Amino acid sequence: MPKEKILFAGGGSVGPEIPMWPNLGTVRADRNRILTEYIDTINTMIELEPQFLLPGQDEPITDKDQIMKNLVLLRDAPQYVHDEIWKGLSAGKDVYELMREIKLPKHLSYLSQQHGRVEWTVRETVSQAGAWSAYRYIRANSILIDHMKFILGW
């Protein structure tokens, strides 16, 4: 309700509790949500400058400063993970390395991961990007890599 500055936010966008790491998967085995679209959604919520936030399953939040703090956290933490995923992929890391290595920094680490998990988001984001493929197995065998470099001119 824009005039009243009331934001109705469902569990798919802010989680069952606030603040909570997003679960980009779905219980109905539907297409998983896309991390950048989630970040865009939270940015839109921030731009609305809500004075009241009504989450899907938690108590309403009526403190505007707390609402903004939570929304910024819900945007910044996934943005950090997104950026780390692409840094890691650019450095030649595989999805399993990224799942093990990417952790929230201290200032974002108090975000609950009872609904979704950072490593699940890493896996799903890499999979959606088509960057997970079989490179893990190729990298495990340096002789094979040398042969492929020679054959393919890498």
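Observations on the model:
- Consider the range 1-37 and keep the residues that are β-branched (Val, Ile, Thr) and part of a helix (DSSP H, G or I). The one that is modelled with the lowest pLDDT is Val14.
Quick grid of which residues meet (1) at pLDDT 90 or above; (2) touching a Phe, Trp or Tyr at 6+ places or on another chain (Cβ under 7 Å):
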{"residue": "Met99", "(1), (2)": "yes, no"}
{"residue": "Ile102", "(1), (2)": "yes, no"}
{"residue": "Lys106", "(1), (2)": "yes, no"}
{"residue": "Ser109", "(1), (2)": "no, no"}
{"residue": "Gln113", "(1), (2)": "no, yes"}
{"residue": "Glu119", "(1), (2)": "yes, no"}
{"residue": "Ala129", "(1), (2)": "no, no"}
{"residue": "Ser133", "(1), (2)": "no, no"}
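- Only listed residue being buried (at least 19 other Cβ atoms within 10 Å of the Cβ) and either modelled with pLDDT under 85 or farther than 27 Å from Glu119 by Cβ (or both), chosen from Leu48, Leu53: Leu53
- Residues that are in contact with an Asp or Glu (Cβ under 9 Å, 6 or more places away or on another chain) and not in a helix (DSSP H, G or I), drawn from the range 54-83: Pro55, Gln57, Asp58
- Residue match in the range 80-88 (condition: under 15 Å from the mean Cα position of the chain (by Cα), loosely packed, with under 12 Cβ neighbours inside 10 Å, of a type in the set (Asp, Glu) and at pLDDT 95 or above): yes
The values are calculated or read from the model by the stated rules, or taken from the named source; none is laboratory data. These numbers were taken from a predicted model, which means no experiment stands behind them. Please note: Cβ atoms are built from the backbone with ideal geometry, for glycine as well, and neighbour counts cover all protein chains shown.
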